[in-house]
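To start, the structure itself, in structure tokens.
Rule-based calculations on the coordinates, nothing more; no lab input. Since the model is a prediction, treat every value here as computed from it, not as a measurement. Note: ideal-geometry Cβ built from the backbone for every residue, glycine included; neighbour counts use all protein chains shown.
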Amino acid sequence: MNQHPDTALPVPFADTVDRLLIRLSQAVAWIFAILMVVILTQVMLRRGFSAGMIALEELQWHLYAIGVFAGVVYAQANNSHVRVDVLHGQFGPTAKHLVEILGLTLLLLPFLSLVFYHGLDFVYQSWRINERSIAPAGLPWRWLIKTLIPVTMGLMIIAALNRLFREAILLQRHLSGGHHDGH
């Protein structure tokens, strides 16, 4: 995993959860290969036959959304998300753990919870009306792609809670003077 040295110390339960989330994200990553085929097909239809397909255009958006959603879960579970490393790199281990804990509890988890909560009603309404594309030749089942919003936020909440658990354990280890790095 792409982690800072101190956070790479083993925390067995957290390591297992991260591995599961990473594997799930990696399993979905093949969607980008399908996306490339869809894009190339659409380009060939437009350029070669002057007849692109609305369904292929919309499918591109859907496939890209699936890939991005899997990517954010992967980044959180793999601890490879964007942070202000210029500041973070100057902190000692205790400060790093505290900043991570505060950032997760005060910023990330409230944001994810709000998006999850409001996403449920958004998805419910989409399912209720069996939402589909407004384009005559567009994709049906728009509710299906919208369902990824609360699903992704749920996975992100799991990843963030797991990171919070890891940081609390590592902070406790650091404060007790034992790093338990397995050596």
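Odds and ends about this structure:
- Taking each residue as 0.36 nm, the span from PHE13 to GLN125 lengthens on full extension beyond its C-alpha to C-alpha distance by 36.6 nm.
- For the chain: relative contact order, % (alpha-carbon pairs under 8 angstrom, 6 or more apart): 33 percent
- Exposure proxy for LEU175, LEU104, LEU120: other Cβ atoms within 10 Å of each Cβ, ordered fewest to most, give LEU175, LEU120, LEU104.
- Taking the square roots of five times each eigenvalue of the Cα gyration tensor of the stretch 5-175, the equivalent ellipsoid has semi-axes of 38, 19, 13 Å, listed largest first.
- Magnitude of the charge dipole for the stretch 5-175, about its Cα centre and with charges confined to Cβ atoms of Lys, Arg (+1) and Asp, Glu (-1), is about 260 debye.
- Charge tally in the Cβ shell below 12 Å around LEU161, where Lys, Arg are +1 and Asp, Glu are -1, LEU161 excluded: 0
- Think of the chain as a dipole: +1 on every Lys or Arg Cβ, -1 on every Asp or Glu Cβ, centred on the Cα centre; then among ILE149, HIS97, LEU112, ILE149 lies furthest on the positive end.
- Likely footprinting exposure, PHE116, PHE69, PHE13, fewest C-beta neighbours within 10 Å first: PHE13, PHE116, PHE69
- Taking each residue as 0.36 nm, the span from THR105 to ALA29 lengthens on full extension beyond its C-alpha to C-alpha distance by 24.5 nm.
- The stretch 27-116: C-alpha gyration tensor shape, a/c 1.5 cut-off, then a/b vs b/c: prolate
- Dipole of the chain [Lys/Arg +1, Asp/Glu -1 at C-beta], most positive-end residue of ASN162, ALA14, VAL123: VAL123
- Exposure proxy order (Cβ contacts within 10 Å, fewest to most) of SER133, SER50: SER50, SER133
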